[in-house]
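Novice: Just dropping this structure here.
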Amino acid sequence: MIQNLLALNWKMNKTPAEARAWAEELRGKLTANDTELAVMAPAVALASLAAHLPPGVALGAQDVSAHESGAYTGETSAAMLVDVGAKYAVVGHSERREYHHESDADVAAKARQAQANGLVPIVCVGEGLDVREKGEQVAYTLGQLEGSLVGVGPEVVIAYEPVWAIGTGKTATADDAEELAAAIRDALIERYGSDADGIRILYGGSVKPDNIATLCARPNVNGALVGGASLKVPDVIGMNDALK
Ligand SMILES: O=C[C@H](O)COP(=O)(O)O
């Protein structure tokens with residue numbers, strides 16, 4: 001049995017003070033279940049969250065540099081993220097791929113750097129609407145996965161996020177999510193053999209308290225990467241409770 005991961009991606013929302021208020025509101029409201037909860041916060045809010053998150057809630061970054069250290073203005077290294085208490089780093093989110101032109105090779109380099117420093121990369125893949133309309137979502141997503149995992153070990157989380165479902169209110173059906181998650185699982189088994197058994201595959205794209213249970217009930221979907229619904233504590237409690 002793979003433990004579900006509820007990964008909250010705040011994107012570019014919440015100042016450190018707002019992050020602290022969110023963490024304090026969450027305290028005492030979380031009921032124990034078998035789901036791991038993790039917050040992917042803006043880099044400047046990580047220290048504040050590390051000090052105020054309820055025990056057991058993990059911390060993550062939304063990106064990480066592909067470089068160890070040095071003259072890379074504006075970047076944050078994996079070692080810095082580990083030092084501030086992060087366990088996870090999202091890499092290859094579709095917004096990074098689109099707005100920052102990150103290639104699969106860039107994503108793989110970031111994932112390798114994360115792993116080299118003890119961070120677990122959450123590698124994002126998923127097709128756009130044009131690909132989906134042509135029915136080529138499986139081949140496209142597996143191609144992205146292959147390129148994004150070059151040299152990357154099995155200590156990884158995969159997030160399948162169809163771009164057409166992100167922030168649009170359009171959710172993939174549970175069948176859509178499972179189709180891709182099962183294909184991703186097969187590719188991971190081919191790549192890692194039995195080491196792939198525990199790899200979590202998340203679904204992301206307009207996940208909310210009222211659809212998360214259905215999406216994550218499928219055998220190959222082991223949690224969710226949530227954007228919009230991660231910002232308000234009652235929604236987070238609702239999603240966490242729905243995964244019981
Ligand atoms: O990282 C999260 C995804 O981009 C999904 O965002 P969303 O839940 O706002 O659709």
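Any read-out appearing in this document is the output of simple, stated calculations on the displayed coordinates, not a laboratory observation. These figures come from a predicted structure and were not determined experimentally. Cβ: placed from backbone, ideal geometry, glycine included. Neighbour counts: every protein chain shown.
Novice: The stretch 101-244: percent of C-alpha pairs farther apart than 24 Å? Before the final figure, lay out the partial values.
Specialist: Working: 3043 of 10296 pairs.
Considering the stretch 101-244, 30 percent of its Cα-Cα pairs are separated by more than 24 Å.
Novice: Hey, how much of the P(r) for the stretch 91-174 falls beyond 23 Å, as a percent of Cα pairs?
Specialist: Working: 721 of 3486 pairs.
Every Cα pair in the stretch 91-174 considered, those over 23 Å come to 21 percent.
Novice: Next question. Scan the chain and note any complete DSSP helix (H) whose C-alpha atoms cover at least 24 Å along its axis and whose Kyte-Doolittle average is -0.5 or more. List each step's numbers first, then the result.
Specialist: Details: long enough: 174-192 (26 Å, -0.21).
Helices meeting the criterion: 174-192.
Novice: Enumerate the calculated ³J(HN,Hα) couplings along the stretch 156-169 in order (Karplus 6.51 cos²θ - 1.76 cosθ + 1.60, θ = phi - 60°), each rounded to whole Hz, writing x wherever the residue is Gly or Pro.
Specialist: With coefficients 6.51, -1.76 and 1.60, one gets 8, 10, 10, 10, 8, 10, x, 4, 5, 9, 8, x, 9, x Hz.
Novice: Okay, next question. Would you give the gap between the C-alpha center of the stretch 32-49 and the C-alpha center of the stretch 89-119, rounded to a whole Å?
Specialist: Between the Cα centre of the stretch 32-49 and that of the stretch 89-119, the gap is 19 Å.
Novice: Could I ask something else about it? What is the Cα centroid distance between the stretch 204-244 and the stretch 146-168, reported in whole angstrom?
Specialist: 18 Å
Novice: Additional query: Taking the highest mean first, how do the peptides 197-204, 96-103, 149-156 order by number of other beta carbon atoms within 10 angstrom per residue? Working shown, then result.
Specialist: On the way: 197-204: 21.5, 96-103: 13.8, 149-156: 16.5.
Put in order of decreasing packing, that is 197-204, 149-156, 96-103.
Novice: Another question about this same structure. Would you please state the base-10 log of I(q)/I(0) at q = 0.15, 0.17 1/Å for the stretch 2-91, with intensities from the Debye formula using one equal scatterer on every alpha carbon?
Specialist: Computed log10 I(q)/I(0) values: -0.56, -0.70.
Novice: Enumerate the calculated ³J(HN,Hα) couplings along the stretch 193-209 in order (Karplus 6.51 cos²θ - 1.76 cosθ + 1.60, θ = phi - 60°), each rounded to whole Hz, writing x wherever the residue is Gly or Pro.
Specialist: Coupling constants for the stretch 193-209: x, 5, 5, 7, 4, x, 6, 8, 10, 9, 10, x, x, 6, 7, 9, x Hz.
Novice: Report the percentage of all Cα-Cα pairs in the stretch 50-98 whose separation exceeds 16 Å, rounded to a whole percent.
Specialist: Details: 550 of 1176 pairs.
Result for the distance tail: 47 percent.
Novice: In whole Hz, what ³J(HN,Hα) sequence does the stretch 41-47 give by Karplus (6.51, -1.76, 1.60; θ = phi - 60°), x for Gly and Pro?
Specialist: 9, x, 3, 6, 9, 5, 5
Novice: Normalised by the number of residues in the chain, what is the relative contact order in percent for Cα pairs under 8 Å and 6+ residues apart? If you can, show how the numbers build up before the last one.
Specialist: On the way: 500 pairs, mean separation 49.6, N = 244.
Worked out over the chain, it gives 20 percent.
Novice: Would you compute the Debye intensity of the chain from its alpha-carbon atoms alone, equal scatterers and no solvent, and pass along log10 I(q)/I(0) at q = 0.07 Å⁻¹ to two decimals?
Specialist: For the chain at q = 0.07 Å⁻¹, log10 I(q)/I(0) is -0.20.
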